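Heads up, the thing below is written out as structure tokens.
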Amino acid sequence: MRRVYVALAGLQLLAVLAQFYFAGVGAFDRPQTDGSYGPHATNGMMIIPVLSLVITVVATLAKAPGRLIGLSILPLGLVVVQMLIIILGRALDDGTGNTTAASLAVFGLHAVNGLAIMGVAGKVLAGARKLASADGAATRTVTAQVS
Ligand code: HEM
């Protein structure tokens, strides 16, 4: 189970990396259409949250420490913050869909929070690997004691 945890945590980090890539794809797309950020929105609203949820269940089954279980569900919470940032930014536009200084100040936080998600995903992977290697060390100790 701990190896599954490591594998899924690695997959999550890759999905977050892809999220930045898709943000770049959307930014360079010409002409800008509703679909420019399609892969970014799908990955952000579906893949990353589902992975975070599954990883948290697996962390619990793998008997990870409470702090690591909490860290595992954090990307899901931070994705909700990502959406709230966009909702608030849109609410602060000038009424015709154009940005204002206030809406831009809020939208910029979406990139900063994205970095936080990347950091948390990295910490989850590091924690999962530590847990798996502690598991391996314990197994080796027990094997050495009984042989
Ligand atoms: C882990 C990192 C990120 C996550 C989880 C994430 C998540 C999301 C989600 C779920 C949406 C769709 C919101 C909606 O359509 O209601 C979105 C839209 C968007 N994101 Fe991100 N995002 C991340 C990082 C970034 C970064 C680094 C940038 C750019 C620097 C960025 C730029 C945008 C833009 C421009 C939109 C489109 C907003 C619009 O349609 O008005 N995102 N993001």
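Since every read-out is calculated from the coordinates, none of them should be taken as a lab result. These numbers were taken from a predicted model, which means no experiment stands behind them.
Report, to the nearest 10°, how far helix 101-146 tilts away from the longest principal axis of the Cα atoms in the chain, using its own Cα long axis and a range of 0 to 90°.
So the inclination is approximately 10 degrees.
Report, in degrees rounded to the nearest 10, the 0 to 90 angle that the Cα long axis of helix 2-28 makes with the longest principal axis of the chain.
20
Any idea what the relative contact order of segment 5-137 is, in percent, if you count C-alpha pairs under 8 Å spaced at least 6 apart?
29
For the chain, set up a GNM with springs between Cα atoms under 10 Å and report which of 59, 91, 111 has the largest fluctuation.
Maximum among the listed residues: 91.
Looking at the chain as a GNM with Cα springs under 10 Å, which of 46, 118, 83 has the largest mean-square fluctuation?
Top of the fluctuation ranking is 46.
Please identify, among 12, 82, 32, the residue showing maximal mean-square fluctuation in a Gaussian network model of the chain using a 10 angstrom Cα cutoff.
Ranking 12, 82, 32 by mean-square fluctuation puts 32 first.
Go ahead and estimate [θ] at 222 nm for the chain from helices alone: -39,500 (n - 2.57) per DSSP H run with n ≥ 4, summed, over the residue count, rounded to 500.
-28500 deg cm²/dmol
Is the chain best put as rounded, prolate or oblate by its Cα gyration tensor, with a ≥ b ≥ c the root eigenvalues, rounded for a/c under 1.5, and otherwise prolate when a/b is larger than b/c, oblate when not?
Verdict is prolate for the chain.
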